[in-house]
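Undergrad: What follows is a single structure, and I will ask about it in a moment.
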Amino acid sequence: MLRTPAWKRYNWRVVWLSLAYAVFLIGAALGFRHHYVSGVCAYGVAILPALPVIGIIGAIGRYLVEEEDEYVRMLMVRQTLWASGFSLSAATIWGFLESFELIGRVDGYYVVVVWFFGLGIGGVVNKLTLGEGGC
């Protein structure tokens, strides 16, 4: 696939946000494990790892705005639609199974993990249906 200037900027954003995620997650885990944080401060520290993840989702949106190649943009839109449909479907099914006490509870942040997995599914669908793996 053609790597456009918008794609290169997107990749750099994701790399830096991923590094920030790793630093914040390790820092928060160590902070809680060794009881360095408590009270109101604990809420802020607990939220820190979520911010880069939210940033990555924002980077995808910004990429869609910046991408000038309409075909390449359409591929990414298809991927995000597959990711959204997959993650929302999985969360809905899991929620009902959990409500009827057929399976255990899962932390809510796994929805975004499933969504990112869905991006991969969207790439496979793009490859199989259009001959392009997408972004």
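The values are calculated or read from the model by the stated rules, or taken from the named source; none is laboratory data. Bear in mind the structure is a predicted one, so any value in this text is a computation, not a measurement. Ideal geometry is used to build each Cβ from the backbone, glycine not excepted, and the neighbour counts take in all protein chains shown.
Undergrad: Please specify each residue of segment 91-125 satisfying the condition of being aromatic (Phe, Trp, Tyr) and outside any helix (DSSP H, G or I).
TA: Those that are aromatic (Phe, Trp, Tyr) and outside any helix (DSSP H, G or I): Phe100, Tyr109.
Undergrad: Just one of Arg105, Arg73, Arg78 is basic (Lys, Arg) and either touching a residue at least 60 places away in the same chain (Cβ under 8 Å) or loosely packed, with under 15 Cβ neighbours inside 10 Å (or both); which is it?
TA: None of the others qualify; the one that does is Arg105.
Undergrad: Give the residues of segment 65-101 that are aliphatic (A, V, I, L, M) and either more than 17 Å from Gly123 (Cβ to Cβ) or over 15 Å from the mean Cα position of the chain (by Cα) (or both), sorted by residue number.
TA: Within segment 65-101, Val65, Val72, Met74, Leu75, Leu88, Ala90, Ala91, Ile93, Leu97 meet the criteria.
Yes/no matrix, rows are residues, columns are (1) in contact with a Lys or Arg (Cβ under 9 Å, 6 or more places away or on another chain); (2) assigned to a loop (DSSP other than H, G, I, E, B); (3) touching a residue at least 12 places away in the same chain (Cβ under 8 Å):
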| position | (1), (2), (3) |
| --- | --- |
| Arg3 | no, yes, no |
| Leu17 | no, no, yes |
| Gly27 | no, no, yes |
| Gly31 | no, no, yes |
| Val37 | no, yes, no |
| Gly44 | no, no, no |
| Val53 | no, no, yes |
| Gly61 | no, no, no |
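Undergrad: Select from segment 64-106 the residues that are aliphatic (A, V, I, L, M) and more than 23 Å from Asn11 (Cα to Cα) and list them in ascending order.
TA: Listed by number, the residues that qualify are Leu88, Ala90, Ala91, Ile93, Leu97, Leu102, Ile103, Val106.
Undergrad: Next question, about the same structure. Can you tell me which residue among Val45, Val40 is outside the structural domain of Ser84 (by TED's automatic domain parsing), loosely packed, with under 15 Cβ neighbours inside 10 Å and either of a type in the set (Val, Ile, Thr) or in contact with a Cys (Cβ under 6 Å, 6 or more places away or on another chain) (or both)?
TA: The match here is Val40.
Undergrad: Return a yes/no flag: does segment 62-80 have any residue that is under 22 Å from Gly108 (Cα atoms), out of contact with any Leu (no Cβ under 9 Å at 6 or more places or on another chain) and at pLDDT 95 or above.
TA: no
Undergrad: Let me ask something else about it. Of all residues in segment 88-102, which are within 25 Å of Val53 (Cα to Cα) and either surrounded by fewer than 13 Cβ atoms within 10 Å (Cβ to Cβ) or in contact with a Leu (Cβ under 7 Å, 6 or more places away or on another chain) (or both)?
TA: Ser89, Thr92, Ile93, Gly95
Undergrad: Answer yes if at least one residue in segment 69-87 is outside any helix (DSSP H, G or I) and not acidic (Asp, Glu), and no otherwise.
TA: no
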